[in-house]
Amino acid sequence: ETGVTQSPTHLIKTRGQQVTLRCSSQSGHNTVSWYQQALGQGPQFIFQYYREEENGRGNFPPRFSGLQFPNYSSELNVNALELDDSALYLCASSLFNGMNTEAFFGQGTRLTVV
Amino acid sequence: SQQGEEDPQALSIQEGENATMNCSYKTSINNLQWYRQNSGRGLVHLILIRSNEREKHSGRLRVTLDTSKKSSSLLITASRAADTASYFCATDAGYSGGGADGLTFGKGTHLIIQP
(Lines give C-alpha, C1' and ligand atoms only; values in the text may rest on other atoms or scores of the structure.)
Protein backbone atom coordinates (compact mmCIF):
# COMPACT_ATOMS: atom_id res chain seq x y z
CA GLU A 1 0.00 0.00 0.00
CA THR A 2 1.46 3.33 -1.08
CA GLY A 3 -1.10 5.63 0.54
CA VAL A 4 -1.88 7.12 -2.87
CA THR A 5 -5.52 6.62 -3.79
CA GLN A 6 -7.26 7.36 -7.07
CA SER A 7 -10.91 7.55 -7.98
CA PRO A 8 -12.77 6.28 -9.81
CA THR A 9 -11.08 3.00 -10.76
CA HIS A 10 -12.91 2.69 -14.06
CA LEU A 11 -14.78 5.20 -16.19
CA ILE A 12 -16.51 5.17 -19.56
CA LYS A 13 -17.09 8.46 -21.35
CA THR A 14 -18.32 9.54 -24.76
CA ARG A 15 -16.13 11.39 -27.23
CA GLY A 16 -16.43 15.15 -26.70
CA GLN A 17 -17.30 14.89 -23.02
CA GLN A 18 -15.22 16.14 -20.10
CA VAL A 19 -13.81 14.03 -17.28
CA THR A 20 -12.31 14.68 -13.84
CA LEU A 21 -10.03 12.17 -12.16
CA ARG A 22 -9.01 12.47 -8.52
CA CYS A 23 -5.95 11.57 -6.48
CA SER A 24 -5.11 11.70 -2.80
CA SER A 25 -1.39 11.97 -2.14
CA GLN A 26 0.60 10.09 0.44
CA SER A 27 0.79 11.86 3.78
CA GLY A 28 3.82 14.14 3.99
CA HIS A 29 4.23 14.50 0.23
CA ASN A 30 4.10 17.91 -1.45
CA THR A 31 4.34 17.01 -5.13
CA VAL A 32 1.88 15.21 -7.37
CA SER A 33 2.35 14.12 -10.97
CA TRP A 34 -0.01 12.61 -13.50
CA TYR A 35 0.82 10.07 -16.19
CA GLN A 36 -1.03 8.50 -19.10
CA GLN A 37 -0.33 4.87 -19.95
CA ALA A 38 -1.63 3.49 -23.22
CA LEU A 39 -1.94 -0.26 -23.63
CA GLY A 40 1.44 -1.93 -24.05
CA GLN A 41 3.36 1.30 -23.44
CA GLY A 42 5.17 2.88 -20.54
CA PRO A 43 3.58 5.80 -18.70
CA GLN A 44 3.91 9.25 -20.26
CA PHE A 45 4.33 12.35 -18.10
CA ILE A 46 1.38 14.75 -18.33
CA PHE A 47 2.22 17.38 -15.70
CA GLN A 48 3.40 17.97 -12.16
CA TYR A 49 2.11 20.16 -9.35
CA TYR A 50 4.12 21.51 -6.45
CA ARG A 51 2.60 23.74 -3.78
CA GLU A 52 -0.60 24.07 -5.80
CA GLU A 53 1.10 25.30 -8.95
CA GLU A 54 1.94 23.47 -12.16
CA ASN A 55 5.73 23.32 -12.33
CA GLY A 56 6.29 20.97 -15.22
CA ARG A 57 4.41 19.64 -18.22
CA GLY A 58 4.92 16.93 -20.79
CA ASN A 59 3.81 16.89 -24.40
CA PHE A 60 0.07 17.09 -23.79
CA PRO A 61 -2.39 19.67 -25.17
CA PRO A 62 -4.04 22.36 -23.00
CA ARG A 63 -7.28 20.38 -22.79
CA PHE A 64 -5.41 18.37 -20.15
CA SER A 65 -5.44 20.51 -17.02
CA GLY A 66 -5.10 19.98 -13.32
CA LEU A 67 -5.37 21.27 -9.81
CA GLN A 68 -3.57 20.61 -6.55
CA PHE A 69 -5.34 21.48 -3.33
CA PRO A 70 -3.89 22.68 0.02
CA ASN A 71 -4.14 19.15 1.40
CA TYR A 72 -2.01 18.03 -1.61
CA SER A 73 -4.84 16.09 -3.23
CA SER A 74 -5.14 16.63 -6.95
CA GLU A 75 -7.43 16.52 -9.95
CA LEU A 76 -6.79 15.80 -13.61
CA ASN A 77 -9.34 17.30 -15.99
CA VAL A 78 -9.59 16.37 -19.64
CA ASN A 79 -11.88 18.34 -21.93
CA ALA A 80 -13.23 17.42 -25.36
CA LEU A 81 -12.37 13.74 -24.94
CA GLU A 82 -10.97 11.89 -27.94
CA LEU A 83 -10.91 8.15 -28.58
CA ASP A 84 -7.10 8.19 -28.16
CA ASP A 85 -7.52 9.45 -24.60
CA SER A 86 -8.53 5.91 -23.64
CA ALA A 87 -5.77 4.81 -21.27
CA LEU A 88 -4.78 4.11 -17.68
CA TYR A 89 -4.22 7.40 -15.83
CA LEU A 90 -1.76 7.22 -12.98
CA CYS A 91 -1.14 9.66 -10.19
CA ALA A 92 2.17 9.74 -8.35
CA SER A 93 3.06 11.56 -5.16
CA SER A 94 6.50 12.40 -3.90
CA LEU A 95 8.36 14.70 -1.57
CA PHE A 96 10.54 17.42 -2.98
CA ASN A 97 13.02 18.51 -0.30
CA GLY A 98 15.68 20.08 -2.47
CA MET A 99 15.89 16.96 -4.56
CA ASN A 100 13.36 14.56 -6.01
CA THR A 101 12.65 11.45 -3.98
CA GLU A 102 10.81 8.22 -4.68
CA ALA A 103 7.52 8.65 -6.56
CA PHE A 104 4.72 6.41 -5.32
CA PHE A 105 1.85 5.61 -7.64
CA GLY A 106 -1.82 4.95 -7.10
CA GLN A 107 -3.69 2.06 -8.69
CA GLY A 108 -4.82 4.20 -11.59
CA THR A 109 -8.08 5.10 -13.30
CA ARG A 110 -8.93 3.16 -16.45
CA LEU A 111 -10.64 5.60 -18.82
CA THR A 112 -12.45 4.31 -21.88
CA VAL A 113 -13.70 6.83 -24.45
CA VAL A 114 -16.34 5.54 -26.84
CA SER B 1 8.99 10.39 -26.50
CA GLN B 2 10.34 7.62 -24.30
CA GLN B 3 13.92 7.94 -23.19
CA GLY B 4 14.40 4.64 -21.48
CA GLU B 5 14.54 1.34 -23.25
CA GLU B 6 14.30 -1.89 -21.34
CA ASP B 7 15.90 -5.02 -22.64
CA PRO B 8 14.72 -7.68 -23.19
CA GLN B 9 11.10 -6.87 -24.02
CA ALA B 10 10.06 -10.24 -22.63
CA LEU B 11 11.80 -12.79 -20.42
CA SER B 12 10.61 -16.23 -19.35
CA ILE B 13 12.57 -18.19 -16.75
CA GLN B 14 12.06 -21.04 -14.29
CA GLU B 15 11.20 -20.38 -10.69
CA GLY B 16 14.34 -20.13 -8.60
CA GLU B 17 16.48 -18.74 -11.41
CA ASN B 18 17.81 -15.20 -11.50
CA ALA B 19 16.30 -12.59 -13.82
CA THR B 20 18.27 -9.69 -15.22
CA MET B 21 16.72 -6.73 -17.00
CA ASN B 22 18.57 -3.84 -18.55
CA CYS B 23 17.66 -0.23 -19.16
CA SER B 24 19.35 2.33 -21.38
CA TYR B 25 18.65 6.04 -21.48
CA LYS B 26 19.78 9.06 -23.45
CA THR B 27 20.20 12.17 -21.31
CA SER B 28 21.85 12.94 -17.98
CA ILE B 29 19.79 12.05 -14.95
CA ASN B 30 19.42 12.84 -11.24
CA ASN B 31 18.13 9.40 -10.36
CA LEU B 32 16.72 6.24 -11.87
CA GLN B 33 13.83 4.27 -10.40
CA TRP B 34 12.59 0.76 -11.08
CA TYR B 35 8.93 -0.16 -10.90
CA ARG B 36 6.83 -3.31 -11.16
CA GLN B 37 3.36 -3.41 -12.68
CA ASN B 38 0.93 -6.31 -12.49
CA SER B 39 -1.68 -6.71 -15.23
CA GLY B 40 -2.10 -3.02 -16.10
CA ARG B 41 -2.62 -1.93 -12.52
CA GLY B 42 -0.68 0.68 -10.55
CA LEU B 43 3.10 0.86 -10.44
CA VAL B 44 4.87 -0.52 -7.39
CA HIS B 45 8.09 1.29 -6.50
CA LEU B 46 11.03 -1.09 -6.17
CA ILE B 47 14.19 0.95 -5.78
CA LEU B 48 15.71 4.37 -6.48
CA ILE B 49 19.37 4.82 -7.35
CA ARG B 50 20.93 8.28 -7.56
CA SER B 51 23.34 9.38 -10.24
CA ASN B 52 26.27 9.32 -7.80
CA GLU B 53 25.56 5.72 -6.76
CA ARG B 54 26.73 2.64 -8.61
CA GLU B 55 24.87 -0.19 -6.89
CA LYS B 56 21.97 -0.68 -4.48
CA HIS B 57 20.38 -3.69 -2.89
CA SER B 58 16.92 -4.28 -1.51
CA GLY B 59 16.04 -7.81 -0.46
CA ARG B 60 16.30 -10.00 -3.59
CA LEU B 61 16.82 -6.96 -5.81
CA ARG B 62 20.13 -5.59 -6.98
CA VAL B 63 20.33 -2.49 -9.14
CA THR B 64 23.40 -1.12 -10.86
CA LEU B 65 23.88 2.20 -12.58
CA ASP B 66 26.57 3.11 -15.09
CA THR B 67 26.20 6.79 -15.95
CA SER B 68 29.10 6.67 -18.43
CA LYS B 69 27.18 4.11 -20.48
CA LYS B 70 23.77 5.56 -19.57
CA SER B 71 22.53 2.17 -18.50
CA SER B 72 21.12 0.36 -15.50
CA SER B 73 20.35 -3.24 -14.66
CA LEU B 74 17.88 -4.87 -12.31
CA LEU B 75 18.68 -8.33 -10.98
CA ILE B 76 16.03 -10.38 -9.21
CA THR B 77 17.56 -13.37 -7.47
CA ALA B 78 15.80 -16.63 -6.63
CA SER B 79 12.73 -15.70 -8.67
CA ARG B 80 9.22 -16.65 -7.56
CA ALA B 81 5.95 -17.02 -9.45
CA ALA B 82 4.74 -13.82 -7.76
CA ASP B 83 7.52 -11.90 -9.52
CA THR B 84 5.64 -12.34 -12.82
CA ALA B 85 4.93 -8.76 -13.92
CA SER B 86 6.12 -5.95 -16.18
CA TYR B 87 9.18 -4.06 -14.98
CA PHE B 88 9.90 -0.46 -15.93
CA CYS B 89 12.85 1.80 -15.44
CA ALA B 90 12.11 5.49 -15.06
CA THR B 91 14.67 8.26 -15.30
CA ASP B 92 14.38 11.55 -13.46
CA ALA B 93 16.26 14.30 -15.25
CA GLY B 94 15.17 16.92 -12.74
CA TYR B 95 14.29 20.32 -14.10
CA SER B 96 14.88 21.93 -17.47
CA GLY B 97 13.99 25.39 -18.72
CA GLY B 98 10.35 24.37 -18.97
CA GLY B 99 10.10 23.12 -15.40
CA ALA B 100 9.99 19.63 -13.96
CA ASP B 101 10.59 16.94 -16.54
CA GLY B 102 8.78 14.22 -14.64
CA LEU B 103 9.78 10.58 -14.91
CA THR B 104 10.53 9.16 -18.33
CA PHE B 105 9.64 5.51 -18.75
CA GLY B 106 10.58 2.84 -21.24
CA LYS B 107 8.15 0.26 -22.60
CA GLY B 108 9.06 -2.26 -19.95
CA THR B 109 10.23 -5.85 -19.70
CA HIS B 110 7.51 -8.47 -19.31
CA LEU B 111 8.84 -11.13 -16.94
CA ILE B 112 7.22 -14.54 -16.69
CA ILE B 113 8.29 -16.93 -13.95
CA GLN B 114 7.35 -20.48 -14.76
CA PRO B 115 6.67 -22.79 -11.78
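The values are calculated or read from the model by the stated rules, or taken from the named source; none is laboratory data. Note that the structure is a prediction, hence the values are computed from the model and not measured. Backbone-built Cβ (ideal geometry, glycine too); neighbour counts: all protein chains shown.
Of all the residues in region A:23-64, those that are under 20 Å from A:Asn100 (Cα atoms), part of a loop (DSSP other than H, G, I, E, B) and among the basic types (Lys, Arg) number 1. Scanning region A:38-55 for residues that are more than 18 Å from B:Thr91 (Cβ to Cβ) and either buried (at least 22 other Cβ atoms within 10 Å of the Cβ) or more than 8 Å from chain B (Cβ to nearest Cβ) (or both) gives A:Ala38, A:Tyr49, A:Arg51, A:Glu52, A:Glu53. Scanning region B:27-49 turns up at least one residue that is under 15 Å from B:Thr104 (Cα atoms), hydroxyl-bearing (Ser, Thr, Tyr) and away from chain A (no Cβ under 13 Å).
For region A:87-114, what are the residues that are surrounded by 18 or more Cβ atoms within 10 Å (Cβ to Cβ) and hydroxyl-bearing (Ser, Thr, Tyr)? Residues satisfying the conditions are A:Tyr89, A:Ser93, A:Ser94, A:Thr109.
When you check B:Ser72 against the structure, is it among the hydroxyl-bearing types (Ser, Thr, Tyr) and within 11 Å of chain A (Cβ to nearest Cβ), yes or no? So B:Ser72 fails the test. Restricting attention to region B:22-37, the residues that are farther than 13 Å from B:Ser51 by Cα and crowded, with 22+ Cβ neighbours inside 10 Å total 4. Here B:Ile76 clears all of (1) under 27 Å from A:Gly56 (Cα atoms); (2) modelled with pLDDT of 95 or more except the condition numbered (1). Only a single criterion out of (1) more than 8 Å from chain B (Cβ to nearest Cβ); (2) in contact with a Phe, Trp or Tyr (Cβ under 9 Å, 6 or more places away or on another chain); (3) of a type in the set (S, T, N, Q) is not satisfied by A:Gln17, namely (2).
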